[in-house]
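The block underneath contains the structure these notes are about, expressed in structure tokens.
The values are calculated or read from the model by the stated rules, or taken from the named source; none is laboratory data. Computed from a predicted model, the values in this text were never measured in an experiment. Note that we place each Cβ from the backbone using ideal geometry, even for glycine, and neighbour counts take in every protein chain shown. Remember, those area values only see protein heavy atoms, side chains included, never the ligands or the DNA or RNA. Shrake-Rupley method; radii C 1.70, N 1.55, O 1.52, S 1.80 Å.
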Amino acid sequence: MIGITNGAFIALIALGYTLVYGIIELINFAHGDLFMLGTFVCLSTLTLLGFSTEVGTTGTPWFALLLAMLAAMIFCGLLNVLAERIAYRPLRRAPRLAPLISAIGVSFIFVNIGLFWQGPTPRRFPDLLPQYDFMSQLFGFTTLIRFTFKDLFVLALAIPLMLGLAWVIRSTRMGKAMRAVAQDSEMAQQMGIDVNRVIAFTFLLGGVLAGAASLMYGLYNNNTVFTLGFTAGLKAFTAAVLGGIGNVNGAALGGFVLGLLSALTVTYAGGQWENVGVFSLLVIILVFKPTGLLGQETGEKA
Amino acid sequence: MKGKPPPRGRSTLGWWYTATGKARERKMWGTIVGIGGALLFPVVNNVLGLGWEAKSIPITLFIVLALGLNVVVGFAGLLDLGYAAFFAIGAYTMAFLTSTVSPIGFVREGNHVNFFLAMFVSSAVAALFGVLLGAPTLRLRGDYLAIVTLGFGEIVPLVIKNTPEITKGTQGMNPIGYPEIPGLQFAVDPIPWYYLIVAVLMVSVLITARLRTSRVGRAWAAMREDEVAAASMGVNLVTTKLFAFALGASFSGFAGSIWASYLQVIAPEQFDFSVSIFVLCMIILGGLGNIGGVIAGGLLLGFVDRILFDWINGLVHGVGAAIGNQDLAIMDVSRSRQLIFGVALVAMMLLRPEGLFPSATRRAELHAAEEDEGALEQERAILVDVER
């Protein structure tokens, strides 16, 4: 169960990768670190509202959580747009390596902002959700597989967000424009689509999802640290690749599969091998099936 | 690729002969000043009393790393983000062959392998890993390759960390064998180390410079510019890429083996992602593909990282103590290292993507993108001429 829940936030971050890649074929290295900053925004908002030390409170301050999530979503969304504006847009026509390196630079900047903001040690995240295990308290089982309120909370937030995203892409004007730009940005421009605006919007969407994921991560794991972004980012990227990069459904599926896989690695090989398992999976997929589970052949772009 | 090679100088060693006129003169002087500066540095250091001899060693060593990465990224255009993995492999091979805590029983009993032999073995092992990783991944497109190498770069330190029965895990391996040359005290004196690394550096420069204009070097350039076109001109993409990858890895292994012996203790944390990025910063800052530029970039970054940060730290602490500000007095400026590198990377890409000291080719390539299609075609034509 922990696998599926972990998979949910991985999937949300992976969506950010895949959206951006789908449109401008850039691996947005800074995305994981954006997520990390999102957890810090949540933490700060909650602290500001007076919920910093609570452990296992009885009443859950839903309003404060909502506020924190909105703050993180807005923050991450805007920051992502800002990064795009400053660091990627001027490089749109440069060789492919240039924006990638620029993204690595942005990621470094984010990590350091996090370091200055919250210091080098892991920070405790207030434990605000009820401790409630459905399996044992509702049905009376005591099994290894637990389904707690926290799991429910994460899934209840993540799945509507994903469905919402799917709706935006499928049914809104902007979503249509996004798909057009992804297919052929020059042609889209000829058709009167403001490509820069569409790309900025994509970054905004990716950032918003990362912001939402950051609140879930914080409440679920109850800690955060400035180096969180790197591994989170790599895992999410693996998930995006697993599902077929550029494919929105694939990213969601990849996230859940990866979550399960890393949970299995932890159980059977020990926690210290988790990241080895994830990265090995990444290498193996890229080598044998670079298009991923749901991806289609994109062809070589010279 | 068959046919008469373009007419060039007949010299086998003078790599500046590839240029003509002013450029050739400049290259020659650059080389002379570089070699002279490198050889005389300890003397200058002594006379001025700078006390940089211990700092010059990592700086020079990282330039060797940068030269190796330059072959992969600058010449062949393959973005490798896991370069530190090969550095680690080289270092641990050296440790396995010469350390008294080696997992190999024969070595542990005191029969440690000669340093210089171990150095070549380390680089060969690193190259082997380069081929093992490269063979399946090199058919991937550029940014996928970057991610695979990044993943590999993460796996290697993690595996080292998680197998303490072989590698001593986070505790690290110590001690590691010294080079043995009669009359030289490698154990206490940094100067022999310095000259050893400078010698390696010069050999590296020579090798990469000769390779750049060789048949395989031209194949790299062709591949970097346009894979499809290169393949249709008869370049074997797989072996050409693989050679670049293995060569880069072997440089890294070489540097790693020396690094292990110099430091005497190696632990997995020394080979994490930031090392790969640091080396990448060097070559991007200096100018991808240009050997002189890479060396200059390496010197500059090494200087900033090892010497300037110390100064600034001292300065800030001094100011803090003088005005009685506790925060300033204990502030660690190197904590913002990453921030500075990050800003530098972004700024470089935006303002001067070809690096501070670019090769003519790359400058043309990067500025071609800013112009319209017609001019781009013209630039391409010129580029082809420049490459010849």
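For the pair residue B:35 and residue B:174, a Förster radius of 41 Å applied to the C-beta separation gives a FRET efficiency near 0.75, rounded to the nearest 0.05.
Length, then width, then depth: along the principal axes, the Cα atoms of region A:5-122 run 55, 28, 21 Å.
Between rounded, prolate and oblate, where does region A:2-288 land on the alpha carbon gyration tensor, with a ≥ b ≥ c its root eigenvalues, rounded for a/c under 1.5, else prolate if a/b exceeds b/c?
On the way: a/c = 1.65, a/b = 1.48, b/c = 1.11.
Here region A:2-288 falls in the prolate category.
The residues B:73, B:238, B:216, sorted by heavy-atom accessible surface at 1.4 Å with ligands and nucleic acids left out, run B:238, B:216, B:73 from largest to smallest.
Ignoring ligands, DNA and RNA, how do A:273, A:117 rank by accessible area with a 1.4 Å probe, largest first? If you can, show how the numbers build up before the last one.
Details: A:273 70, A:117 100 Å².
Largest accessible area first, the list is A:117, A:273.
Could you tell me the calculated FRET efficiency between residue B:322 and residue B:233, based on Cβ-Cβ distance and R0 = 51 angstrom, to the nearest 0.05? Efficiency for this residue pair is about 0.15. Exposure check, 1.4 Å probe, all protein chains in place: residue B:272 carries approximately 60 Å² of accessible surface. Computed from label points 7 Å out along Cα-Cβ, the spacing between residue A:117 and residue B:114 is 5.7 nm.
Residue A:280 contributes an accessible area of around 40 Å² to the protein surface, as traced by a 1.4 Å probe with all chains present.
Taking the Cα centre of region B:35-290 as origin, work out the dipole magnitude from +1 charges on Lys and Arg Cβ and -1 charges on Asp and Glu Cβ, in debye rounded to 20.
Roughly 500 debye for region B:35-290.
Estimate the FRET efficiency between residue B:215 and residue A:176 by the formula 1/(1 + (r/R0)^6), using the beta-carbon distance for r and 45 Å for R0, to the nearest 0.05. Walk me through the numbers on the way to the answer.
On the way: r = 51 Å, r/R0 = 1.13.
Using R0 = 45 Å, I get an efficiency of 0.30.
Of the residues B:202, A:216, the one with the largest accessible area comes first in the ranking B:202, A:216, computed with a 1.4 Å probe on protein heavy atoms. Stretching residue B:347 away from residue B:207 to a fully extended chain increases their span by 47.2 nm, per 0.36 nm per residue minus the current alpha-carbon distance. Rounded to the nearest 20 debye, the dipole magnitude of region A:2-288 is 500 debye, with +1 charges on Lys and Arg beta carbons, -1 on Asp and Glu beta carbons, and the Cα centre as origin.
Using a/c under 1.5 as the rounded threshold, could you call region B:45-141 rounded, prolate or oblate? The axes a ≥ b ≥ c are square roots of the C-alpha gyration tensor eigenvalues, and prolate needs a/b larger than b/c, oblate otherwise. Mind showing how you got there, number by number?
Values: a/c = 3.08, a/b = 1.08, b/c = 2.85.
Verdict is oblate for region B:45-141.
Between chain B and chain A, the total buried accessible area stands at approximately 4100 Å², from heavy atoms with a 1.4 Å probe.
Shape of region B:35-290 from its Cα gyration tensor (a ≥ b ≥ c, root eigenvalues): rounded if a/c is under 1.5, otherwise prolate when a/b > b/c, or oblate? Don't skip to the answer; put the middle values down first.
Numbers: a/c = 2.00, a/b = 1.32, b/c = 1.51.
In terms of gyration-tensor shape, oblate.
Model label sites at residue A:183 and residue B:189, defined 7 Å from Cα along the beta-carbon direction, differ in position by 7.4 nm.
The contact residues of region B:150-187, meaning those that lose at least 20 Å² of 1.4 Å-probe accessible area when all protein chains sit together rather than their chain alone, are B:150, B:151, B:154, B:155, B:158, B:159, B:162.
With both labels modelled 7 Å from their Cα along Cα-to-Cβ, the residue B:181 to residue A:289 distance reads 5.5 nm.
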